[in-house]
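The values are calculated or read from the model by the stated rules, or taken from the named source; none is laboratory data. What you are looking at is a predicted structure, and each value in this text was computed from that prediction instead of being measured. Cβ placement follows ideal geometry from the backbone for every residue including glycine, while neighbour counts extend to all protein chains displayed. In case anyone asks, the SASA skips ligands and DNA or RNA and just uses the protein heavy atoms, side chains included. Shrake-Rupley method; radii C 1.70, N 1.55, O 1.52, S 1.80 Å.
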Amino acid sequence: MSPPSSSSSQQTTLRIGIIGFGPFAQFLAKTLMKQGHFISATSRSDYSDLCTNLGILFFRDIGAFLESDNDIIMISTSILSLSRVVESIPFHCLKRPTLFIDVLSVKEHPKDVLLRILPEECDLLCTHPMFGPESGKDGWTDLTFMYDMVRIRDQHLCSSFLQIFSTEGCKMLEMTCEEHDRLAARSQFLTHTIGRILVEMEVESTPIDTKGFQKLVQVKESSAKDSFDLFSGLFIHNRFARQQMKNLEVAIEKLQERSKELQDPIISKL
Ligand code: NAP
């Protein structure tokens, strides 16, 4: 299996190396391959058999992976392990300046870590595909792809990567990592928190489910499918998440207080 070389035809064929070949990377890799890109991967665990079946070159050794000369290196490790993983990359094995892309669900943290550790000559694109194996299983049309061109000198290469997602019909949204984290705390993190609370409460369908409750059960089930690492990462490495958690606690207390105020004083004495 030899990698195709990059060409300047309409859609550039890219050699994309993935670090962290967990569920999300596997999901993305299928579409990248469908579009004709050449994919290789390395990960903490051994995915040799899976990769052989998918037609992906798997490297157990990260040095050999870097030497295999990719146009792009995509980082898809858990949020919690990012610093450790990036610190252990032997960058001296890179043959040339490479575009690094991360797909983590928080954005300021990978931006800070990668700007601190990446070699100066490497470009950096921070992204968050706002979908996953469940929401994207029937295609990516109208699903949002957020990106921040943090340090881009090779515009053509960066555009070629972004084109993968626009070709699939994604809604392409450029914003800063800070703005992403501010908004994601109020939306994605809140959804995951409610989902995890429902998991803790062991919420289950009943024979008299309302439509609203059915949606709650869906939120619970989708949160239960994601790793707990993902939830912890969203909480620990998004500086806006802590406030959101406090808002939730305050809202629950307020609801209890307001309900007590409305309680009939005669009945409450019984
Ligand atoms: P995850 O649990 O967040 O991450 C799993 C990946 O992290 C695996 O590749 C795993 O390696 C690696 N990893 C975990 N701990 C490690 C450690 N101590 N050292 C080295 N590697 C470690 O699950 P995921 O769903 O695949 O997500 C991957 C990334 O994509 C995350 O940053 C997540 O925020 C982001 N993302 C996920 C979704 C989604 O819907 N799932 C959507 C958008 C973005 P091994 O498998 O080799 O053990």
Condition test on residue 208, is it away from the ligand (no atom under 15 Å from the Cβ), of a type in the set (Val, Ile, Thr), in a helix (DSSP H, G or I) and open to solvent by 40 Å² or more (accessible area, probe 1.4 Å)? no
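Each row is one residue, and each column tells you yes or no for (1) within 30 Å of residue 249 (Cα to Cα); (2) free of Cβ contacts under 8 Å to residues at least 60 places away in the same chain; (3) over 18 Å from the mean Cα position of the chain (by Cα).
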position: 131; (1), (2), (3): yes, yes, no
position: 140; (1), (2), (3): no, no, no
position: 145; (1), (2), (3): no, yes, no
position: 158; (1), (2), (3): no, yes, yes
position: 172; (1), (2), (3): no, yes, no
position: 202; (1), (2), (3): yes, yes, yes
position: 211; (1), (2), (3): yes, yes, yes
Of the residues that sit in the range 217-255 and are more than 11 Å from the ligand (Cβ to nearest atom) and not in a helix (DSSP H, G or I), which one is most open to solvent (accessible area, probe 1.4 Å)? 239
Among the residues of the range 100-129, write down those that are within 13 Å of the ligand (Cβ to nearest atom), under 24 Å from residue 155 (Cβ atoms) and in a loop (DSSP other than H, G, I, E, B). 103, 104, 107
Looking at the range 27-47, which of its residues are open to solvent by 40 Å² or more (accessible area, probe 1.4 Å) and within 13 Å of the ligand (Cβ to nearest atom)? 44, 45, 46, 47
Cβ-Cβ under 6 Å pairs, at least 6 apart or on other chains, the range 63-92 side in a helix (DSSP H, G or I), far side acidic (Asp, Glu) and at pLDDT 95 or above: none
Identify all residues within the range 11-26 that are among the small types (Gly, Ala, Ser) and more than 8 Å from the ligand (Cβ to nearest atom); write none if there are none. 17
For the range 116-132: of the residues being at pLDDT 95 or above and more than 18 Å from residue 174 (Cβ to Cβ), which is most open to solvent (accessible area, probe 1.4 Å)? 116
For residues in the range 60-88 being open to solvent by 10 Å² or more (accessible area, probe 1.4 Å) and among the hydrophobic types (A, V, I, L, M, F, W, C), which is farthest from residue 178 (Cα to Cα)? 64
Top-ranked residue of the range 141-155 - restricted to ones that are out of contact with any Lys or Arg (no Cβ under 7 Å at 6 or more places or on another chain) and more than 12 Å from the ligand (Cβ to nearest atom), ranked as farthest from residue 108 (Cα to Cα): 141
Hey, any hits in the range 226-236 for a residue that's touching a residue at least 24 places away in the same chain (Cβ under 8 Å) and farther than 13 Å from residue 192 by Cα? yes
Just one of the numbered conditions (1) open to solvent by 50 Å² or more (accessible area, probe 1.4 Å); (2) modelled with pLDDT of 95 or more is not true of residue 16; which one? (1)
Can you tell me which residue is modelled with the lowest pLDDT among those in the range 133-151 that are in a loop (DSSP other than H, G, I, E, B) and open to solvent by less than 10 Å² (accessible area, probe 1.4 Å)? 136
